[in-house]
Each structure stands twice: as structure tokens, then as C-alpha cells.
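This report refers to the structure that appears directly beneath it.
Any read-out appearing in this document is the output of simple, stated calculations on the displayed coordinates, not a laboratory observation. Model, not experiment: these values are computed from the prediction. Positions of Cβ are generated from backbone atoms using ideal geometry, with glycine treated the same way; all protein chains shown enter the neighbour counts.
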Amino acid sequence: MKLKTVRIFVLTGLLVAAVSCQTPPVPPEVEQAKDQENELWRAGAPVYATQQYIRYLSSLRLAKGKLIKEKAKFGWFRDYKEVQAEFQAVLKRGQTVLQSVQEEKALKSRNLTEQLEALRERTQRIWKLILTVNETQLVRRSLAQAEVAMMETEVLLDKKKYADLSRKIALIQFHLSQAEEAVFSILERYADEVQVETWRRWAMETISESRKKGTTAILITKLERTLTVYREGKVAATYNIGLGKYGLSDKLHAGDEATPEGRYKVIKKLPQSRFYKALLIDYPNDEDKKEFSQAKKRGLIPRRAGIGGLIEIHGGGEDSLTGGCIAVEDGVMDKLFSGVSIGTPVTIIGSLESVAELLASLK
Amino acid sequence: MKNLVKFLILGFFAVSLFTSCAKQPTQEINDTKAAVEAATKEGADVYAADELKKLNDDQTTALDEIATQDKKFFKKFGTAKEMLAKVKADAEALKATIPAKKEAAKNAALTAQQEARAALDEAKALLEKAPKGKGTKADIEAFTADLKGLEDSFPEVQAALDREDYFGASNTAATIKEKAAGVSEQIKQAIEKVKGKK
């Protein structure tokens, strides 16, 4: 009986020891850390929080090292308390990294979206400036390239490929700069205050003469693409016009497809013309001849080039691309033809307003 | 009794000899690492990034198991070897899938390139057919410039193809195609406008 009691006592003791000394389970934080590391990688931590991610990985490695050390012990001697605390710290650090990644991505996305928005506005400003300009080949070519890159950015932004997006933005900026350079070269004269002042003076003199003499006068403004008829110094009508390919430039010689600037007169009325009806003006005048001669001396124009002539206001439509003449709709031509006589002053200017502010907005 | 003690001591030493002196499966480790590296070089980082990440994780788990066993008195590398063998097999299987994925991406990019070319050619042909005259000259010049801009962008598709950036090539080509189609539409509208005037 006594021996039996001792046996039961020993067996119970062994059972209790076996149960209490069971191998403790690996803490759940270990598996959670594995999932978290995956989540961080997917979120782009190696890219968006590089240093923090490296530090996180290093702490994860240390924790794993402790886990390995603990796992290497005999089951009865394993104690995961320290390992658990270590992995809890890793999880906390990982959470901070994840938050940083999300913040960095949101910031990048916001910045890039803002940059893209600014580039879109820049593109629109260029389009606005070139709407009335014909010599836009270079500008439009660059704008087309910029717009291709701009459309690509939408896909990249959607896929959160921010590094590729930054490269595309740089490409858009390059093309837009080229477009702006081209715009500048065309419109530079229109931002020159001295030049604009001269044009204003010509316009004022023409209108004042019309008022004083009670006559009709025509004012053509190239940038605004308008032809205004003044009677006794008052606006009688304003029409849209078409110019040549290089219509915004001042005509220097034959074949330059530019429209002359200056104070002219109607010298002939042509009831039948290649372009419906026409009013021939006295280009080149004395000032034009002087400019032509100076430009030739300075080698600014081809040696064999002549000064040109036959500059008309003619029909054919305001969307015409002329060789330097001023085109209007046939209906408008009818009105002009009947309301204008030989000797009517025709003043052609670049613009009454400086585009300096507009050009400055491109910078 | 004396023999039993001797037997136990000998047995203990024999077991110790076979277990504590078990060596790390170096060859398996190297083979597995090489297989994962080969899959990465094949382009798994681009065409199967998630699968590659899983592969790397599994490799780390296997190496952790080796490190655990390495610290034990009784080392057992059997499980680690099985894990390594699985990672190696998975890496080889993943590597084998990459050429097909790459080829599919390349074909998609080439198709997109052809479609962009066709859209550009169609726009150019349309522009050729557009009635030329003073009334349309400005529009024609403008569309010509737009198409030149698109033509200038077109080599970017080939450049992306050459550096095997097939997704980038597809994206650029799709954009050019869309823009060219837009220009074609504008040309058609301009032609209609001229017809309406006549």
C-alpha cells in the first residue's frame, strides 16, 4: 500500500513536470512580423522610407537571431518572453515605417499632381498665346511631344510609379521650355514697350486724322487679328482677318510671308481678284524702302531678294493663310469695297497692348 | 548493471557524434541561392515581383531554420534541406515562366507600336487628302506640326523596347495612338468645315 502510494505520487509528479515543462509555443508576434515585413515591401518601403526600412530590417534580424537562439535550446528551457518583447518592438517600429511610407507616398503624389497641374496650366498659357499666331510649327511640335508625355503621366500616377513619373515630368518641362522659347522668338517684339508705343502713336494719328478730316480710315491690328473701320474718328465696324504664315513679323523682303507694318493708303481697287475682290495698298512706302536698304547692308536679308509688293486686303476668308496680305470674309470684302475709296489710310500695327505680362507669365 | 551503464555511455557518445557533428547543407544553400538569383536575373523582379518576394521569404525561412539547427546540440538539417529543395524547385519553376511573360509583354508592346504607327500613317494620309488652299493652309500647317511632334515622340517607343521596358513602350505607344486619332478627328472636322463652305 505504501509502495503504491509512492508510485502514484512519483507518477503524478512526473506528469505535472512534463505538463509544466512543455515546449512553449513561438509567440504570435513572430508570424505577425513576417506578414508586416511583406506588407512593408508591398507598400514600397524600400523606395519610400529606405533608411527607416533598413533599420527596421536590422531590428527584425536581431529579433530573429534571438528567436533562433531560443529555439536552439531544449524545449523545457525555452523562454520566449524576451523574444516576444523584441518582436513587439519590431512590430511597433514596422508600424511607424508603414506610416512614414504612406505619408511619403501621399506627399509625393500630392507634389507630383501639383507639378502636373502647373504644367497643364503652362501648356494652356502657351496655347492661348499661339491661338492668333500662324508661325506655330515649332511651338505645336514641342507641345505635341509635351502632351504625349503628359498623357503618359496619368497612367504612371495611377500605378503609383513616382520615379518614372518624375522622369516624365522632366521631359514635359523640356518640351514646354522649347515651346516657350519658340513663342518668345515670335512675340518678343510685341513685348517691347518702345515698339508698342510706336504702334499706338500710328493708331492714334490715324484715328485723329479721320476725326479731323471727317474721313474713313482702316486700322489693322495683327496680334488681335482685327480690321477696324473708322469713320470721322469713330469705330464703324470691326472684322476678323487672316494673315500669312509669318504674319506677325514685319515685312522686310519679297517672299518672307510677313505682313508689313506702317501707315499706308489704298492705291487701287480691284473688283475682280484671285481672292474675290481686293484693295491694293502702297507697300513699300518710303520707310519700308529705308528699312529694306539698311537690312540689306547689314546682310539681314538674302542678297538677291527684292522688297516685294502687291500687299492687299482681299477676300477668301479670315481663316486664310496669305503670303503677307490681309484676308477677310467675302461678305466683309463687299462692305469694305463699297465703303472705301482710293487714298483711304490703312495703318497696320502689331498690337495696341504689350504682351510683356503674358510672356512674363510663361517664365 | 555495469554493462548497461557502459552501453548507455557509448550510445550517448555515438548519438552525439552523429548529430552534433552534422554539417550545414552548404551545397543545398548555394544551389538554392543560385536558383533564386537566376530567376531574378531572368526578370522575375519585373514580371513576377510578388512571386519573387515569396521565394526570397521562403529562402530566408529555410536559412533561419538552418541557423536554429546550427545552434542546437542535436542538429537536424533534414527539414531545412526539404525547405531549400522546395525553394530551389519553386525558383526554377518561376524562372521557367518568365520568358513567356516577357514575350507576352514584348508582343503587347510591339502590337501597340504597330497600332500607333498605323494611327500616325492614317492621320498623315488624311492630311494629304485634305483640300489645300488659302482657307485650309493654316490648319494643314498646324496639323502637320502636331503630327511632326508625334513623329518625334515615336522613337521613344523603340528606345523603350530596346531597353526591354515593354510596359513603358506600350504606354507611350498607346498615348501616341490616342493623340494621332485625335488629330485625325480634327482633320476630318476641318475637311467637313471646308465642304460646308462650298
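Report relative contact order for the range A:163-253 in percent, whole number only (criteria: Cα-Cα under 8 Å, sequence separation at least 6).
In percent, rounded to a whole number, it is 17.
Helix A:28-43 versus the longest principal axis of chain A: what is the Cα-based angle in degrees, 0 to 90, to the nearest 10?
10 degrees
Return one number: the angle in degrees, 0 to 90 and rounded to the nearest 10, between the long axis of the Cα atoms of helix B:26-39 and the longest principal axis of the Cα atoms of chain B.
Once rounded, the angle reads 10 degrees.
Of A:Lys251/A:Lys290; A:Lys222/B:Lys188; A:Lys66/B:Lys76; A:Lys161/B:Lys33; A:Lys160/B:Lys86, which pairs sit farther than 22 Å apart, going by alpha carbon to alpha carbon?
A:Lys222/B:Lys188; A:Lys161/B:Lys33; A:Lys160/B:Lys86
What is the sum of charges around B:Phe77, taking Lys and Arg as +1, Asp and Glu as -1, for the other residues whose C-beta is under 12 Å from the C-beta of B:Phe77?
Within the 12 Å Cβ shell, the charges total +1.
State, to one decimal in nm², a quarter of the convex hull surface area for the C-alpha atoms of the range A:38-193, i.e. the direction-averaged projected area.
If you wrap the Cα atoms of the range A:38-193 in a convex hull and average its projections, you get 12.2 nm².
Compute the Rg to Rh ratio over the range B:114-198 from the alpha carbon atoms, using the Kirkwood formula for Rh, and round to two decimal places.
In the range B:114-198, Rg relative to Rh is 1.09.
When Lys and Arg each count +1 and Asp and Glu each count -1, what net charge do the other residues less than 14 Å away from B:Gln24, Cβ to Cβ, add up to?
+2
Against the empirical 2.2 N^0.38 Å scaling, what ratio does the C-alpha Rg of the range A:262-363 come to?
The range A:262-363 yields a ratio of 1.29.
Given N residues in the range A:237-292, what is its alpha carbon radius of gyration divided by 2.2 N^0.38 Å?
Normalised by 2.2 N^0.38 Å, the Cα Rg of the range A:237-292 equals 1.23.
Where does the range B:26-110 land on the Kirkwood hydrodynamic radius, alpha-carbon pairs, in angstrom?
In the range B:26-110 this quantity evaluates to 13.6 Å.
Quick one: angle between helix A:2-20 and the longest Cα principal axis of chain A, in degrees between 0 and 90, rounded to 10, please.
Once rounded, the angle reads 10 degrees.
What FRET efficiency do you get for B:Ala89 and B:Arg163 if R0 is 30 Å and r is their Cβ-Cβ distance, rounded to the nearest 0.05?
Using R0 = 30 Å, I get an efficiency of 0.40.
Step by step: find N for the protein assembly as shown, compute 2.2 N^0.38 Å, then divide the Cα radius of gyration by it. What's the final number?
Normalised Rg, Cα atoms only: 1.68.
List the residues whose amide H sits under 5 Å from the amide H of A:Gly350, counting only those 5 or more places along or on another chain, with H placed 1.01 Å from N in the peptide plane.
A:Lys222
Among the listed pairs A:Lys245/A:Lys268; A:Lys128/A:Lys213; A:Lys92/B:Lys23, give every one whose C-alpha distance is greater than 30 Å.
From A:Lys245/A:Lys268; A:Lys128/A:Lys213; A:Lys92/B:Lys23, over 30 Å: A:Lys128/A:Lys213; A:Lys92/B:Lys23.
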